[in-house]
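The values are calculated or read from the model by the stated rules, or taken from the named source; none is laboratory data. Small disclaimer: the values here were computed from a predicted structure and weren't measured. Here the Cβ positions follow ideal geometry from the backbone for every residue, glycine too, while neighbour counts run over all protein chains shown. Just the protein is used for accessible areas: all its heavy atoms, side chains included, with ligands, DNA and RNA removed. Shrake-Rupley method; radii C 1.70, N 1.55, O 1.52, S 1.80 Å.
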Amino acid sequence: MSIIQLTKRQEEISQIVQEHQPITGEKIAEYLKVTRAALRSDLVVLTMIGLLDAKPKVGYFYVGIDDQKNEYNHFKDMKVSDIMGIPLTAHQTESVYDVIVKIFMEDAGCAFILDEEDYFCGVVSRKDLLKASIGGGDLSKIPIGMIMTRTPNITTVLEEELVLEAAETLVERQVDSLPVVRYAENGKSKVVGKLSKTIITKLFLEIKE
Ligand code: ADP
């Protein structure tokens, strides 16, 4: 099925039209034992989403939603690995100053921080950098590891997770991006990508086009 959720009433209308098409609005109302006016908004919704077609003086026809043609269906099955972006990374010993420069150069919104063995150990967002900047210290001497949000307090996603679930996580956790990680046998993780609100917004537009 499509991701469009019909109400019980809309399901009933669609069922009646499938069985009795072409059928007038009055007749549908009769079957449901309601007034024609009570059905008006549901009929508008159903014709607008393309489930029903209305022909003047004839009545309603069932069109149905062809799942193959429904772009949202494709979106629904998409995995994080299909759309993830390239992460900006820095080592925890690098200075706050250097990470600020990197973020500007790469036009990134955050940086994922790695330990000396290149395992993932933290995140810094733009706000973290602003906070450090008004703190008054010498930014070229403060290691980024001192100001980052540290693992395990970081929400991550895996490559095989669904984009829809990851989008839900982004909204729930109120962060701008999620590191996409792959776990090693020692329980530590490597960053293999990023999933940001920007990436999801772009995908949304692509689907529309
Ligand atoms: P902004 O700085 O624009 O508010 P975020 O909302 O992404 O950006 O970050 C807010 C705070 O959450 C920052 O302190 C950042 O270090 C932290 N953070 C960023 N991404 C994550 C994440 N995936 N999991 C946990 N904390 C995060």
Exercise for the section: Sort through Thr89, Thr47 and tell me the only one that's over 22 Å from Ile199 (Cα atoms) and among the hydroxyl-bearing types (Ser, Thr, Tyr). Expected result: Thr47
Exercise for the section: Name the one entry in Lys141, Lys202 that is at pLDDT 95 or above and more than 9 Å from the ligand (Cβ to nearest atom). Expected result: Lys141
Exercise for the section: Return yes or no: is Ala132 within 25 Å of Ile83 (Cα to Cα), within 16 Å of the ligand (Cβ to nearest atom) and surrounded by 11 or more Cβ atoms within 10 Å (Cβ to Cβ)? Expected result: no
Practice task
Run Val163 past the list (1) of a type outside the set (D, E, K, R); (2) open to solvent by 50 Å² or more (accessible area, probe 1.4 Å); (3) closer than 24 Å to Leu195 by Cα and report the number of the one that doesn't hold.
Solution key: (2)
Practice task
Run down Val99, Val124 and say which single residue is over 13 Å from Ser196 (Cα atoms), open to solvent by less than 30 Å² (accessible area, probe 1.4 Å) and near the ligand (Cβ under 10 Å from one of its atoms).
Solution key: Val124
Exercise for the section: Might you check whether a residue that is over 30 Å from His74 (Cβ atoms), free of Cβ contacts under 8 Å to residues at least 60 places away in the same chain and either open to solvent by 70 Å² or more (accessible area, probe 1.4 Å) or within 9 Å of the ligand (Cβ to nearest atom) (or both) occurs anywhere in the range 184-198? Expected result: yes
Exercise for the section: For the range 135-145, enumerate the residues that are open to solvent by 70 Å² or more (accessible area, probe 1.4 Å) and touching a residue at least 12 places away in the same chain (Cβ under 8 Å). Expected result: Lys141
Handout entry: Residue among Thr169, Thr151, Thr156 that is at negative phi, among the polar types (S, T, N, Q), open to solvent by 20 Å² or more (accessible area, probe 1.4 Å) and near the ligand (Cβ under 7 Å from one of its atoms)
Key = Thr156
Problem - Some residue of the range 21-33 being at pLDDT 90 or above, small (Gly, Ala, Ser) and assigned to a strand (DSSP E or B) - result: no
Practice task
Tell me, yes or no, whether the range 115-123 has at least one residue that is closer than 20 Å to Met84 by Cα, without any contact (Cβ under 8 Å) to a residue 40 or more places away in the chain and over 23 Å from the mean Cα position of the chain (by Cα).
Solution key: yes
Problem - In the range 106-121, the residues that are over 16 Å from Asp176 (Cβ atoms) and within 14 Å of the ligand (Cβ to nearest atom) - result: Phe120, Cys121
